[in-house]
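Taking it in order: structure first as structure tokens, then the write-up.
The values are calculated or read from the model by the stated rules, or taken from the named source; none is laboratory data. Worth saying up front: this structure is predicted, and the values here are computed from it rather than measured. Don't worry about glycine lacking a Cβ; one is built from the backbone with ideal geometry, like all the others, and counts go over all protein chains shown. Areas reflect the complete protein model, heavy atoms only, side chains present, ligands, DNA and RNA absent. Shrake-Rupley method; radii C 1.70, N 1.55, O 1.52, S 1.80 Å.
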Amino acid sequence: SEREKEIVGCVVRGMTGKEIADRLFISVNTVLTHRKNISRKLNIHSVAGLTIYAIVNKLVTLDEINV
């Protein structure tokens, strides 16, 4: 979903669950639920894996990632 894409983008940019919740005006529990659903759907269980997925699928650019 579009919301899940937003969550992935925020995660790979290095944002915490609280920061994501504040930015998207949702609860931290909702962020955690989205992350759990994303991990299950994509079968990706690490931030590194999500980062690769996000870059390959053009959800973020390399310039947007905090290293």
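Please find, within the range 19-40, the residue that is least open to solvent (accessible area, probe 1.4 Å) out of those that are without any contact (Cβ under 8 Å) to a residue 12 or more places away in the chain and either part of a loop (DSSP other than H, G, I, E, B) or of a type in the set (Lys, Arg) (or both).
Going through the range 19-40, the residues without any contact (Cβ under 8 Å) to a residue 12 or more places away in the chain turn out to be 19, 21-22, 25-30, 33, 36, 39-40.
Next, from what is left, pick out any that are either part of a loop (DSSP other than H, G, I, E, B) or of a type in the set (Lys, Arg) (or both): 25-27, 36, 40.
Details: Phe25: 184, Ile26: 40, Ser27: 55, Lys36: 135, Arg40: 156 Å².
My answer is Ile26.
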**Message:** Cβ contacts < 9 Å: first residue among the polar types (S, T, N, Q), restricted to the range 46-67; second residue open to solvent by 50 Å² or more (accessible area, probe 1.4 Å) and modelled with pLDDT of 90 or more, any location; separation 6+ or different chain. Result?
**Reply:** Asn57/Lys5; Thr61/Ile55; Asn66/Arg13; Asn66/Gly14
